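Report on the structure given below.
The values are calculated or read from the model by the stated rules, or taken from the named source; none is laboratory data. Since this is a predicted model, take the numbers as computed values, not measurements. Cβ coordinates were reconstructed from backbone atoms using ideal geometry, including for glycine residues, and neighbour counts include every protein chain displayed. Just the protein is used for accessible areas: all its heavy atoms, side chains included, with ligands, DNA and RNA removed. Shrake-Rupley method; radii C 1.70, N 1.55, O 1.52, S 1.80 Å.
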Amino acid sequence: MQQFRVSLSVLTMGLMAAGLTAPAFAETLKKPALDELATAWQGGKTASSFNAFLSQAEKANPALKPAVAAYRKKATLTGDDLTNIGRLLGLYNRLHNQKAVIASLGAMVALPTARNVQIPPHENPAIIDFGKLVEKTAKNFGLAYRNVDNRIFEVSLKGKGTEEFGILTHSDVVPAVLSEWVLDDGTKLDPFTMQRVGDRLYGRGTIDDKGSIAAVLYAMKTVKESGIPIQRTMRLMIETTEETGGDAMEYYRGKTKLPEYNIVLDSGYPAVVAEKGAGSLSVFFPAEKTDGTVTAITDMGAAAAVNAISQTATATLKGGDLAAVQAKLEAAKAAFLQKYEPQGKFAIAVARGADSIDIKVTGTSAHGSEPQNGVNPLPRLGLFLQESGVTLADNQFLKAIKYIDDLYGTGYLGEKMGVGYKDDFMGPLTFSPNLIRTGADGRLVMAVNTRMPRGRTPEELKAQVEAKINEWAASNKAKVEIKYDQGNWMARDPSGRWLATLLDIYGDTTGLEAKPVSAAGATTAKQMPNAISFGPGMPGKKYTGHNAKEYKEVPDLDADLQMFTEMLVRIGNLQQMQ
């Protein structure tokens, strides 16, 4: 709906129409002036403290002298003075603490906090160690710490008043497929050892969400050390199960009163006020035996998690005349690549073993919520096996690739299933067939990541989808079991002083357009009152969370540091949130 396409000027006009005074943003430092100060710092005129940095700033820009004088007198800062001091503190934090933040992020990445199916997350040693790391950091920074049964780790920057503002992130990560963490030049990466290559910090969780955690902790430290008083306590809540359903937040909600207003540092800028509903659609195929006279698919694999589009998908063939099968596969490669590469480049490798043939399709990994940014290898693998001319035994694997081809193909908008639709603000429904593997019970599971925009209810979509799958199963004589969990979409009212403040921080810091947006990714903002997302993904850039070779760019981490610091100062002292 058009009501979500609201500019900062419209928000300000709305506040004035309601009889409220709009935040004073006119005479404040903006990106060009901030860049000049940063250049002077990096050019060798390094300040040893925030006070010294302020001396540099007021010398470069004499108009800042009243704000600097008020800060030094410990006077109450308001209006442009508060904005400018908060903005300068953010710039100082970015320049002064960048190396320390990167080191802190590296320590966090080293803890493999992906969910272990053998034990509950709150008993996972990596999660427990992460809590201890946060506790040590908080205490070193003079911040309050609370461990809520290893479900939520709390860090608080205390304010003078009774109100609290919530900041939510998460420490858990999706699994990583080690073989996919190889750079184009052949450099092998360890997803749990952060490695800097140019301006990229490679490692699982660098952007989703450990970079945000490191940045906001140092923002809290910097604000506390500055002595700038804040009226509203800023409560950081680090969730431990966000990637697998958010049950830790449900536990926490039962034990702790949540702040009335919240932001989530787990999506994108400028400010995300609407999210699609995330879902997981799993179809289970029972194991079927083959006699070995006809070549059969005996194994398949793709993705370590349903909410990630993998870089590779593999299949193993056994039985029959393998030499003839290999020849057919090799002969079919060129025409198949030519047919489907206009949709995105991918590669096919066929390798002969002693008693098998291994096929690997390499595409481009992406977050499950953004299939348009990837080239999904799984449907292409299934299509290649079917279009190669190889006769395959009718078992669970063959049924699964027919299911993928018939109901999804290489598309991801629900078009082949006939359930596609879109919302003008939130975008289209996406159905991405990402994961295939054999479970412990011997059944083959084929899982699809779904993202549902406004326009239907979860119950309506589930009924339509399940009917289509059952119809397909009946016509293909396939016995299947369907498990479909579909979350609902979220849309917040894009107004209020606090949202206008966040947009002002983003726009003036980056020089980019600042207006509320929607996101395909689903976060725990849905579980929080008055919650929107603020970063860390930058507009126009591929979000690398859940990707093979996940990375965070250092300039973007700098921007987080700068904006989070100013946010603490200004939201912490905002007289009215609405």
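So here's what we get for this one:
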{"read-out": "Packing rank of 150-162, 492-504, where each peptide gets the mean count of other beta carbons within 10 Å, highest leading", "value": "492-504, 150-162"}
{"read-out": "Charge-dipole axis of the stretch 143-281 as Lys and Arg at +1 and Asp and Glu at -1 on Cβ define it, positive-most pick from N147, T222, N262", "value": "T222"}
{"read-out": "Cα Rg, Dmax, the stretch 145-241, angstrom units", "value": "17.1, 55"}
{"read-out": "The chain, dipole about Cα centre (Lys/Arg Cβ +1, Asp/Glu Cβ -1), debye to the nearest 20", "value": "1120 debye"}
{"read-out": "Translational diffusion coefficient (Stokes-Einstein; Kirkwood radius from C-alpha pairs) of the stretch 253-404 at 37 °C, 0.692 mPa s, in µm²/s", "value": "184 µm²/s"}
{"read-out": "Charge dipole of the chain about the Cα centre (unit charges at C-beta), most positive-ward option of N470, A347, Q56", "value": "Q56"}
{"read-out": "Positive dipole terminus of the chain, leading residue within N395, T293, A447 (C-beta point charges)", "value": "A447"}
{"read-out": "Rg in Å to one decimal, and Dmax rounded to a whole Å, for the stretch 259-345 via C-alpha atoms", "value": "21.4, 67"}
{"read-out": "Packing-based order for 342-348, 368-374, using average beta carbon neighbours within 10 Å, highest first", "value": "368-374, 342-348"}
{"read-out": "Calculated [θ] (222 nm, deg cm²/dmol) that DSSP helices of n ≥ 4 give over the chain, each run adding -39,500 (n - 2.57)", "value": "-11500 deg cm²/dmol"}
{"read-out": "Cα coordinate range in the stretch 90-206, projected on the principal axes (Å, largest first)", "value": "55, 42, 21"}
{"read-out": "Cα-centre dipole for the stretch 302-378 with unit charges at Cβ (Lys and Arg positive, Asp and Glu negative), debye to 20", "value": "100 debye"}
{"read-out": "Computed Kirkwood radius, in angstrom, where 1/r is averaged over Cα pairs of the chain", "value": "25.4 Å"}
{"read-out": "Dipole in debye (nearest 20) - the stretch 153-271, about Cα centre, beta carbon charges: Lys, Arg +1; Asp, Glu -1", "value": "680 debye"}
{"read-out": "Protection proxy ranking of 166-179, 286-299 - average other beta-carbon atoms within 10 Å, highest first", "value": "166-179, 286-299"}
{"read-out": "Under 23 Å from K132, Cα to Cα: lysines that are on another chain or at least 8 residues apart", "value": "K99, K158, K210, K221, K224, K255"}
{"read-out": "Mean separation of Cα contacts under 8 Å (6+ apart) over length of the stretch 276-356, as relative contact order %", "value": "25 percent"}
{"read-out": "The chain, accessible area per residue, ligands and nucleic acids excluded (1.4 Å, Å²)", "value": "40 Å²"}
{"read-out": "Charge sum, other residues only, whose C-beta stays under 15 Å from T438's C-beta, Lys/Arg counted +1 and Asp/Glu -1", "value": "+1"}
{"read-out": "Diffusion constant of the stretch 461-511 at 10 °C, which comes from Stokes-Einstein with the Kirkwood Cα-pair radius and 1.306 mPa s, µm²/s", "value": "104 µm²/s"}
